């Protein structure tokens, strides 16, 4: 029902498209931008000048192309002058990074997080690390805001952490608290860790160019970041993607959410540790030790991996029928479960998924590694800049 | 990454926005269009003239507003001159309708479909009904194409019916067959019945104005039409929404898809008929008789409704966790199951869904009734017209 955009909106869209292109692809010649964006040379020149005046890009010496004719100057993002802060609240650790336009990690801090650390204790650790990092930032830089990834249920509108069972947080106004710390006018966007990783892999990782992607992230719990038709699926309040609480086994174990037999009770940390006879252990290292033991022939660990792999394939089959994705990415501990239990995953997936829904699905591991969550959290902040470069900068 | 639109694209978008507005809202004054679309009076005048020249709208006498000043002329869709054909392939019947711009059913035919009727036998029935209807169409009208709703898995690209277990159709090129029948240049779009109903309810029914909607449709099988972020979720090949094949009960009954314990085996026709001691019956009337018997105190029918209602709430709970919708609509026989088993649906839904995902969810029945599927099928055809009115007309 929406009418076409005004001239001002078109200019904003063009500025955003150019800046996004160099943010993702790095230094690019004006000639390449002309063909990639479908705009003429003079428009590219004017947009570049506006972005350069705002301190967001600079023009560099032309690349040697070996072709005849005047070489085209190169437009590059101001990667060390324009940055965002990225926070990651994980079950076992807290991470803070400063990430430049273009996606490079410029600085980082990591703090071990004792389990059960409440938000009131965690926030000072985060702000302390942030303070240290800010003192080291050179003068004349532009901070475009901050993004935070949390393993929990996050309200999109204001970054309220509604429920994070595995950190024990309930209704924590994390977005507001960190915005206050960053100072006047700072914008902080909070997202679920799976959504944030999906965003990063879609922007510049394994799912670049894919329009329908399920990114599954596991640690203690399990969540999904979903890209449908090229856009992030958030749901009405921002709570979409809670696939870990899809009940798969009505007779299953109680879940921390209050229900029973949720998918995460079958494929999350507890299932692997309990199933392999390590009920007293916890943490990512302990889970990785299960895969290691299985690979060395430990029969209980192998049985736990087989069973969890079967449940992983089961849930993925259900989601493939619902979403008909072109790619499923296994992140966090699900990466290791997928690799160790691939036979069970594929066998159960094939039996549950409809052939039509499954036929073009590629199963993948993340390509951005451990930094995906930080890069994705920064992308939340850059996304605002890219939507309206001259206003947000 | 997309740059802003060209002048030509903006004009197309504006023409589409104006035409869509009167298609949905009916006759509208120029003054109302100016404020609803955010365009100035002269632009609205020029767009209206272009659409009128193409025979898509006409201008009528002003409505009496009771206000001072020159009344504004009314723009109305050419509802009896511009039309689409709508086909609905159901388990028990075939329907064909001619639907005018604006959504009114201008003509209709219905044929009972014996179960097991193969596509080669059904298509002549459809084309025969179409032929009859075309003979009655007045001269000088514009047909914008046809839309077909099928209870089955449909490939978006070409309207191939990949699998329709309950009609027994496999890999039927239904889109191509009916396009050939309609003649040179006719465009036929094929969609799953749940997608088509969701589209209709979102455009002009219970879900108008809602951006995140699950429309669940049941007859023999169960499917979903999903609106996420205001757009139809189709998946990579167009097969998204096969929620009836989400496995909910690993120990459940075999499903026609080859899997076991699919949601539709617990809430579809067979579950209700078998559970109420009517295993030999089939068809929509037989299912409705179960609800009727339950309301009159038949204990077996009541037990079947309670059990299916519980499974309905269970699956909706899973989907609410995955999608965080603002509305769930129960269509087809699920409408009656929801109404008869509301206590079980709500109780199980509350136990499965996370409170944050559930908090703004409204449960609804369709507002367009039995015609939703025809109206939605026509919307598939009108959607192409609205995307580019002067090219498609």
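The values are calculated or read from the model by the stated rules, or taken from the named source; none is laboratory data. Everything numeric here is computed off the predicted structure, so don't read it as measured data. Don't worry about glycine lacking a Cβ; one is built from the backbone with ideal geometry, like all the others, and counts go over all protein chains shown.
How many of the residues making up region B:106-159 are in contact with a helix residue (DSSP H, G or I) (Cβ under 7 Å, 6 or more places away or on another chain) and either assigned to a loop (DSSP other than H, G, I, E, B) or without any contact (Cβ under 8 Å) to a residue 40 or more places away in the chain (or both)?
Total meeting the criteria: 7.
Looking only at region A:279-330, count how many residues are more than 14 Å from chain B (Cβ to nearest Cβ) and either over 30 Å from residue B:155 (Cβ atoms) or in a helix (DSSP H, G or I) (or both).
Final tally of qualifying residues: 30.
Going through region B:8-46 one residue at a time, which ones are over 29 Å from the mean Cα position of the chain (by Cα) and within 15 Å of residue B:388 (Cβ to Cβ)?
Residue satisfying the conditions is B:8 alone.
For region A:214-248, what are the residues that are within 7 Å of chain B (Cβ to nearest Cβ), in contact (Cβ under 8 Å) with a residue 60 or more places away in the chain and farther than 16 Å from residue A:323 by Cβ?
A:237, A:239 - these are the residues of region A:214-248 that are within 7 Å of chain B (Cβ to nearest Cβ), in contact (Cβ under 8 Å) with a residue 60 or more places away in the chain and farther than 16 Å from residue A:323 by Cβ.
Residue A:206 - would you say it is more than 14 Å from every other protein chain (Cβ to nearest Cβ) and either within 23 Å of residue B:319 (Cβ to Cβ) or in a loop (DSSP other than H, G, I, E, B) (or both)?
Here the answer is yes, as residue A:206 does meet what is asked.
Filter region A:160-196 down to residues that are within 12 Å of chain B (Cβ to nearest Cβ) and assigned to a loop (DSSP other than H, G, I, E, B), then give me how many there are.
The number of residues fulfilling the criteria is 2.
State the number of residues belonging to region B:341-353 that are surrounded by fewer than 24 Cβ atoms within 10 Å (Cβ to Cβ) and more than 14 Å from chain A (Cβ to nearest Cβ).
Qualifying residue count, region B:341-353: 4.
With the structure loaded, tell me whether residue A:297 is free of Cβ contacts under 8 Å to residues at least 40 places away in the same chain and within 17 Å of residue A:253 (Cα to Cα) or whether it fails that test.
Here the answer is no, as residue A:297 does not meet what is asked.
Among the numbered criteria (1) part of a loop (DSSP other than H, G, I, E, B); (2) closer than 13 Å to residue B:374 by Cβ, which single criterion is violated by residue B:99?
Every condition holds for residue B:99 apart from (1).
So that you can scan it fast, the table gives a plain yes or no per residue for (1) part of a loop (DSSP other than H, G, I, E, B); (2) crowded, with 24+ Cβ neighbours inside 10 Å; (3) in the same structural domain as residue A:384 (by TED's automatic domain parsing):
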residue: A:201; (1), (2), (3): no, yes, no
residue: A:215; (1), (2), (3): no, yes, no
residue: A:220; (1), (2), (3): yes, yes, no
residue: A:224; (1), (2), (3): no, yes, no
residue: A:236; (1), (2), (3): yes, no, no
